[in-house]
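This report refers to the structure that appears directly beneath it.
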Amino acid sequence: MIAIVDYGAGNLNSVKKAFDHLGAEILVTDQPQTLATADKIVFPGVGHFSSLRTLDRSGMAKALLHAASTGKPLLGICLGMQWLFEGSEECNDISGAGIFPGKCRQFPSSVKSPHVGWNSVAAKEGSRLLRGVAQNSFVYYTHSFHAPLVTETTAATEYGLQFSGAVERGNIFGVQFHPEKSGDVGLSILKNFCEL
Amino acid sequence: MLTKRIIACLDMDGGRVVKGVRFKNLRDAGDPAECAAAHARSGADEIVLLDITATSGNRNTLLEAVRSTAHSLFVPFTVGGGIRQLDDAAAVFDAGADKIAINSAAVREPALIGAIAGRFGSQAVVVAIDARSTGDRFEVYISGGRVPTGRDAVDWAREATACGAGEILLTSMDRDGTQSGFDCELVRAVAEAVSIPVIASGGAGSARDFIEVFREGRADAALAASIFHFGLENIGELKSELSDAGIPVRWPC
């Protein structure tokens, strides 16, 4: 069973629908204890970094970190991926998980923000999540803050600068784009996650 | 590189797509879910479904259409028409929309933009503006273009952005349905005034029109309804022409 974490912000329908389409057994949950019974965890995020405050309060942050430490595949999407880093300029008083180094920052003033639309990703070879994704495939983004390039970056995207479109270390995966809204390319990425 | 988006718009009345779909089988003609899927397959970057009658009586029809359209659509999906309060928006999101478009209600009550953005995120709120040239400026109209507001389109776009809108869907009433090209002057005036993406609408007739609105109008995306339905432009062919002209598009996709 794949647990989809609901932390009370935004709209999880699209993520749920995409996994349904792939035939995955899913459970949308706001209960930290449910993560213990899940085989895999998806942490979709939308909205403001400050909405992650509820994660600490509910014990969900702890449960996510614990589950990740047991080797369960964890996929953070959009804000969910940003949470995997140390924090975000969007809300300095909330810490991220710190699984990946660095802080999420705003785009330079030379480009419009938010970054909305289909942009290409240059996927690194060897990524388990992005297996089979052709070079310069297009994926759908909508975000105002970006994660830095790190050694675990598996796909970089350019928008005013280069940022992490996807990161991966062991059982921990993050994508800044929305695979559930990225057509066949996105579905193939979610399928890879299901098959891990 | 961030690409310019081509958005297919479905105008819906009573659960059916109404603008000139020329499928031969009338029974299936104009089913929103089928039209949306066909457009997505042919390369549309997003789908917009507008309930053009949007009377309170047919809300369930709209929600049912949203549900069936969203079911197997995996590109961004925007729904507009008759969203007057937060609860209306919540119901449309619940039915499977990724973004909602609000027009008249936002003009009457700009705080609605922030209320929806606060709950669902700015990325989910598209403010639709219908504007008509008065000669020296562009005036905002509401209620499906029937009621002039006296407001300046550029000023309103700025205010909507400040209220938390994630995108502006800007329709030129002068060009709508004419296939005589987008109003690049209007689009550029708004695109240069706001920090959020601007979707140009009204007047699409040929690939050249799209090239112009991306270059001269500085649009981030362009929307069309009738030309795609009438088959004048297959979205794939349009994108291929745009790509040849040096416009970055998601193609092949």
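Remark: relative contact order (segment B:117-253) = 18 percent; criterion is Cα-Cα distance under 8 angstrom and separation of 6 or more residues. As a rough guide to protection, the peptides B:121-132, B:235-246, B:165-176 ranked by mean Cβ packing within 10 Å, highest first, stand as B:121-132, B:165-176, B:235-246. Shielding of peptide B:69-77 by partners, expressed as the average count of other chain Cβ atoms within 10 Å per residue Cβ, is 5. Here segment B:67-91 and segment B:180-253 have alpha carbon centers that stand 23 Å from each other.
Averaged per residue, chain A has 38 square angstrom of accessible surface, using a 1.4 angstrom probe with ligands and nucleic acids left out.
Nonpolar atom fraction for segment B:5-244, defined as the carbon and sulfur part of the 1.4 Å probe accessible area, stands at 45 percent. Going from the chain on its own to the full set of protein chains, segment A:9-25 has these residues losing 50 Å² or more of accessible surface (heavy atoms, 1.4 Å probe, no ligands, DNA or RNA): A:ASN11, A:ASN13, A:LYS17. Across segment A:2-194, the mean sequence separation of Cα contacts (distance under 8 Å, 6 or more residues apart), normalised by length, yields a relative contact order of 19 percent. Computing FRET efficiency as 1/(1 + (r/R0)^6) for A:VAL150 and A:THR54, where r is the C-beta to C-beta distance and R0 is 25 Å, gives about 0.40. Shielding of peptide B:116-125 by partners, expressed as the average count of other chain Cβ atoms within 10 Å per residue Cβ, is 5.
In a reduced charge model with +1 at each Lys and Arg Cβ and -1 at each Asp and Glu Cβ, segment B:5-244 shows a dipole moment near 380 debye about its Cα centre. The reciprocal of the average 1/r between distinct C-alpha atoms defines the Kirkwood hydrodynamic radius, which for chain B equals 17.9 Å.
When restricted to Cα atoms, the protein assembly as shown yields an Rg and a Dmax of 21.1, 67 Å, respectively. If the chain linking A:LEU22 and A:ARG169 were pulled fully straight, counting 0.36 nm for each residue of separation and taking away their Cα-Cα distance, it would gain 50.5 nm.
Note on A:ALA134 and B:ARG84: with the Förster distance fixed at 56 Å, the Cβ-Cβ geometry gives a FRET efficiency of about 0.80. Can you list the residues of segment A:51-79 with backbone N under 11 Å from a point 7 Å past the Cα of A:THR37, pointing along Cα to Cβ? Backbone N within reach: none found. Around the Cα centre of chain A, unit charges on the Cβ atoms of Lys, Arg, Asp and Glu (plus for the first two, minus for the last two) sum to a dipole of about 60 debye. Here the calculated FRET efficiency for B:THR134 and B:ASP94, from their Cβ-Cβ distance with R0 = 51 Å, stands at 0.80, rounded to the nearest 0.05.
Residues within the reach of a label modelled at B:ARG158 (point 7 angstrom out along Cα to beta-carbon, backbone nitrogen below 19 Å), restricted to segment B:174-217, are B:185-199.
The values are calculated or read from the model by the stated rules, or taken from the named source; none is laboratory data. The model shown is predicted, which means the values in this text are computed figures rather than measured ones. Every residue, glycine among them, receives a Cβ derived from its backbone with ideal geometry; neighbour counts consider all protein chains shown. For the accessible areas, the whole protein counts, side chains as well, though only heavy atoms, and no ligand, DNA or RNA atoms are used. Shrake-Rupley method; radii C 1.70, N 1.55, O 1.52, S 1.80 Å.
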